[in-house]
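Contents: one structure, followed by commentary.
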């Protein structure tokens with residue numbers, strides 16, 4: 001947010017005005033130099049401080065962002081849209097690079113957490129949430145709260161890949177019961 005206030009653009013996929021920083025997408029990676037040491041950090045979660053030297057663009061940073069986009073494209077598949085498509089073009093990411101090497105059923109979800117955080121922070125309820133870890137991490141809907149979801153509509157349009165196109169009778173995510181039972 002400090003960079004944005006100074007008019008410095010740092011790309012993100014998991015940031016949204018009004019939601020707490022999360023750092024899930026890592027597209028906001030920047031190189032910081034502090035006390036003679038350089039390292040890569042997620043800009044959205046790293047506190048600004050006096051004397052901090054920050055590089056927001058460099059061949060190294062652009063390369064990191066490109067590989068993050070290419071890896072995230074595995075879950076998106078060939079159907080790129082929205083902010084994800086814009087960033088893929090800007091960083092000249094080969095979004096098909098890993099598609100043949102990694103066998104994953106594309107869900108268009110890059111697990112940025114925007115919809116989950118929006119659900120919790122804007123609606124004050126957890127209708128959807130994360131389950132699992134690592135490659136088994138998924139977003140699920142809690143069936144006992146599904147009726148709330150059909151009336152809220154806060155996560156519609158927040159998704160950077162276009163995964164959530166509308167809220168209606170068909171929920172945008174599988175139920176936690178289906179995931180845990182292996183049906184999804």
Quick check, is residue 72 over 13 Å from the mean Cα position of the chain (by Cα) and surrounded by 17 or more Cβ atoms within 10 Å (Cβ to Cβ)?
-> no
Residue in segment 41-53 that is surrounded by the most Cβ atoms within 10 Å (Cβ to Cβ), counting only those that are touching a helix residue (DSSP H, G or I) at 6+ places or on another chain (Cβ under 9 Å) and more than 23 Å from residue 116 (Cβ to Cβ) = 48
In segment 172-184, is there at least one residue being modelled with pLDDT of 70 or more and over 15 Å from the mean Cα position of the chain (by Cα)?
-> no
Kindly indicate whether residue 118 is modelled with pLDDT of 80 or more, out of contact with any helix residue (DSSP H, G or I) (no Cβ under 7 Å at 6 or more places or on another chain), surrounded by 16 or more Cβ atoms within 10 Å (Cβ to Cβ) and outside the structural domain of residue 75 (by TED's automatic domain parsing).
-> yes
Specify the residue that is modelled with the highest pLDDT; the eligible residues are those in segment 10-23 that are exposed (fewer than 13 other Cβ atoms within 10 Å of the Cβ) and touching a helix residue (DSSP H, G or I) at 6+ places or on another chain (Cβ under 8 Å).
-> 20
Just give me the residues in segment 82-93 being part of a helix (DSSP H, G or I) and loosely packed, with under 13 Cβ neighbours inside 10 Å, in sequence order.
-> 89
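Condition check ((1) in a loop (DSSP other than H, G, I, E, B); (2) over 30 Å from residue 58 (Cβ atoms); (3) in the same structural domain as residue 23 (by TED's automatic domain parsing); (4) modelled with pLDDT of 85 or more) across all residues:
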| position | (1), (2), (3), (4) |
| --- | --- |
| 80 | yes, no, yes, no |
| 95 | yes, no, no, no |
| 104 | yes, yes, no, no |
| 107 | yes, yes, no, no |
| 150 | no, yes, no, no |
| 163 | yes, yes, no, no |
So residue 127, is it modelled with pLDDT of 70 or more and either over 19 Å from residue 81 (Cβ atoms) or touching a strand residue (DSSP E or B) at 6+ places or on another chain (Cβ under 6 Å) (or both) = yes
State which residue is farthest from the chain's Cα centre (by Cα) when the search covers only segment 25-39 and only residues that are assigned to a strand (DSSP E or B) and closer than 13 Å to residue 57 by Cβ.
-> 31
Subset of segment 24-40, residues surrounded by fewer than 17 Cβ atoms within 10 Å (Cβ to Cβ) and under 22 Å from residue 83 (Cβ atoms), comes to 40
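The values are calculated or read from the model by the stated rules, or taken from the named source; none is laboratory data. If you're wondering where the values come from, they're calculated on a predicted model, not measured in any experiment. Here the Cβ is made from the backbone with ideal geometry for all residues, glycine too, and neighbour counts use every protein chain on show.
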